[in-house]
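In what follows, a structure is listed as structure tokens, so that the remarks can point back to it.
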Amino acid sequence: MIRHLLIGAVLAGALLLSGCASVVNGHNQSVSVTTKSQGVELSGAKCSMTNDKGVWYVTTPGSVSVHRSYGELTVNCASVGLPNGIAAVKSSTTGAVFGNILLGGVIGAGIDVATGAAYNYPNTIAIDMGQSTRIESTPVARPTPPPARPAAPAEPSTASVRVPYLNDSQQRQYRAYLTKAQPRAFAISLNGHFAYTVGTVPLDKSLPADPKERALLLCSRWSGMGCELYAADDQVVFQALPPQPQSADVRSRAGRYPADPALAAAKVPYLNEGQLAEYQVFLTHPLPRAFAISDNGHFATAWSNTPLDKSLPSDPKERALAWCKGQAGQACQLYLVDNQIVYARTP
């Protein structure tokens, strides 16, 4: 409460005057990021760091200068073959802001609060791959901030059940879904595929805003057959899937380039007819690109070095492998990179 009252007072004062001196150590701060997997130090993970002031990128172990802010700093790290590691890092008010009040009055402090200079993040942030954590910064000579509001617990009726057709790794993805904000939806298929969506503003603007429609569409694309909603928000709505596979009614949007006939004629292993149709659509998209598959009938595609989700790797090969593993619940292999089939069937 004290922190919020202070912010309100100093922001009001900052509107009246400008050009006041500040004794806080600048608007930017160097933050180091390290990663580990199962207790072993990991290098080469690609991380995005996001707050309300911007987005920054770093490869671990490494450092980057971020803009200080009252808002949380979200760190999202990705490494090939591993689930992402995510941390929500709270800021603390620097001790200097209180000295600023004494030297420059509330106006001087107001400038620091408004620009973000009054806040600090930890100098080093350690990320555990596959874990989602919250990191509380240590306050420096300031009143204790109000406690963070805990995430709403998952409904027992949805958290305790086992989702049909999904393996153990995919069951964990459903548990992750239960921690997301509403509105949200989770769809499944008879052949062990799923998709979950959150919110009404998709990164890909060609997808429906309704998370239920979006989850069904994406599940249908990845499974190559019909899907059903398993859960919507906190309610399990699933009844039963059709006993026989269905052809997917909705396909991915085709790109602008004609498919190479030799690549289009290739028979991709493990995929059903609906998924093979998705492979044909993939061939119409530009380079660089990658197509990954698993031996339990999953696939993922990626193209360009600029993903819609900035937390994902820029390399389409890494991105396709990460998406495929998340869907399959096991390691995947690259089938095609750019215009070359690189897949070698393992014994």
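So, in region 37-60, how many residues would count as being out of contact with any Pro (no Cβ under 7 Å at 6 or more places or on another chain) and surrounded by fewer than 17 Cβ atoms within 10 Å (Cβ to Cβ)?
Qualifying residue count for the region: 10.
Of the conditions (1) open to solvent by 40 Å² or more (accessible area, probe 1.4 Å); (2) closer than 22 Å to A302 by Cβ, A266 satisfies every one except a single condition; which number is it?
(1)
Could you check how many residues of region 221-237 are buried (at least 23 other Cβ atoms within 10 Å of the Cβ) and under 21 Å from the mean Cα position of the chain (by Cα)?
Adding up the residues that qualify gives 2.
Would you tally the residues in region 299-340 being open to solvent by 40 Å² or more (accessible area, probe 1.4 Å), acidic (D, E) and under 18 Å from C47 (Cβ atoms)?
2
Which count do you get for residues in region 308-335 that are in contact with a Lys or Arg (Cβ under 8 Å, 6 or more places away or on another chain), closer than 24 Å to Y257 by Cα, touching a residue at least 60 places away in the same chain (Cβ under 8 Å) and among the aliphatic types (A, V, I, L, M)?
0
For region 262-293, how many residues are over 20 Å from Q340 (Cβ atoms) and part of a loop (DSSP other than H, G, I, E, B)?
Number satisfying all stated conditions: 1.
Within region 187-202, how many residues are in contact with a Pro (Cβ under 9 Å, 6 or more places away or on another chain) and either of a type in the set (D, E) or touching a residue at least 40 places away in the same chain (Cβ under 8 Å) (or both)?
So the answer is 4.
Yes or no: V31 within 27 Å of R319 (Cα to Cα), open to solvent by less than 20 Å² (accessible area, probe 1.4 Å), over 20 Å from the mean Cα position of the chain (by Cα) and at pLDDT 50 or above?
yes
Is region 201-215 home to any residue that is of a type outside the set (K, R), over 15 Å from the mean Cα position of the chain (by Cα) and crowded, with 19+ Cβ neighbours inside 10 Å?
The answer is yes, given that some residue of region 201-215 is of a type outside the set (K, R), over 15 Å from the mean Cα position of the chain (by Cα) and crowded, with 19+ Cβ neighbours inside 10 Å.
Out of A259, A320, A265, A254, report the one residue that is at pLDDT 90 or above, hydrophobic (A, V, I, L, M, F, W, C) and out of contact with any strand residue (DSSP E or B) (no Cβ under 9 Å at 6 or more places or on another chain).
A265
Residues are listed down the side, and each one gets a yes or a no for (1) in a strand (DSSP E or B); (2) of a type in the set (A, V, I, L, M); (3) in contact (Cβ under 8 Å) with a residue 60 or more places away in the chain; (4) out of contact with any strand residue (DSSP E or B) (no Cβ under 8 Å at 6 or more places or on another chain):
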| position | (1), (2), (3), (4) |
| --- | --- |
| V33 | yes, yes, yes, no |
| K36 | yes, no, yes, no |
| V55 | yes, yes, yes, no |
| V64 | yes, yes, no, no |
| V75 | yes, yes, no, no |
| A78 | yes, yes, yes, no |
| G85 | yes, no, no, no |
| A88 | yes, yes, no, no |
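Take the residues of region 293-315 that are farther than 18 Å from A264 by Cβ and of a type in the set (A, V, I, L, M, F, W, C): which is nearest to the chain's Cα centre (by Cα)?
L312
Does any residue in region 253-278 that is touching a residue at least 12 places away in the same chain (Cβ under 8 Å) and of a type outside the set (D, E) come within less than 7 Å, Cβ to Cβ, of a residue that is assigned to a loop (DSSP other than H, G, I, E, B) and exposed (fewer than 15 other Cβ atoms within 10 Å of the Cβ) six or more places away or on a different chain, and which pairs are these?
Here the result reads R253/S206; G255/P286; Y257/P286; L263/N339; P269/R345; Y270/D295; G274/S247, each pair linking region 253-278 to a residue that is assigned to a loop (DSSP other than H, G, I, E, B) and exposed (fewer than 15 other Cβ atoms within 10 Å of the Cβ).
Are any of the residues in region 5-15 part of a loop (DSSP other than H, G, I, E, B) and either at pLDDT below 85 or open to solvent by less than 50 Å² (accessible area, probe 1.4 Å) (or both)?
Within region 5-15, one or more residues are part of a loop (DSSP other than H, G, I, E, B) and either at pLDDT below 85 or open to solvent by less than 50 Å² (accessible area, probe 1.4 Å) (or both).
The values are calculated or read from the model by the stated rules, or taken from the named source; none is laboratory data. As the structure is a computational prediction, the values presented were derived from the model and not from experiment. Because the Cβ atoms are built from the backbone with ideal geometry, glycine has one as well, and the counts that use them run over all protein chains shown. For accessibility, only protein heavy atoms count, side chains too; no ligands or nucleic acids. Shrake-Rupley method; radii C 1.70, N 1.55, O 1.52, S 1.80 Å.
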